[in-house]
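Trainee: Sharing a structure with you now.
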Amino acid sequence: MVTFIEKGFLYGFILGLSLGFFIVPYKEVSPMGEGVTETTYLNLVDFIIPLIRVGVITAVIGGLVGFFFYRKKIRACNSK
């Protein structure tokens, strides 16, 4: 049981970090006037904290998926 949940957490965390690189903003673009924009890049801490948050949330979801796969496997083994 533990291996299903641990693998779910691990794969969920890796998937969350990978997706987080695409969805967590790393810069802010603000218009200054006609055709002029200002780009401000975030500090590393301001980027890492939301990235880890996305990774942990998907890790919890992955752990739940692993738990439900384990329950499904146990029910299939007990019904035979």
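Trainee: Report, in cubic angstrom per residue, the convex hull volume of the C-alpha atoms of the chain. Intermediate results must be reported in sequence, preceding the final value.
Mentor: Values: hull volume 7.1 nm³, N = 80.
Hull volume normalised by residue count: 89 Å³.
Trainee: So how many Lys-Lys pairs in the chain land under 29 Å Cα to Cα, not counting same-chain pairs under 8 apart? Don't jump to the answer; show the numbers that get you there.
Mentor: Details: Lys7/Lys72; Lys7/Lys73; Lys7/Lys80; Lys72/Lys80.
Step by step, the pairs that qualify in the chain add up to 4.
Trainee: How large a share of the accessible area of the chain, in percent, is made up of carbon and sulfur atoms when the probe is 1.4 Å and the other protein chains stay in place?
Mentor: Working: 4430 of 6380 Å².
Ligands and nucleic acids excluded, carbon and sulfur reach 69 percent.
The values are calculated or read from the model by the stated rules, or taken from the named source; none is laboratory data. Not measured: the values here are computed from a predicted model. These accessible areas exclude ligands, DNA and RNA; they are computed on the full protein's heavy atoms, side chains included. Shrake-Rupley method; radii C 1.70, N 1.55, O 1.52, S 1.80 Å.
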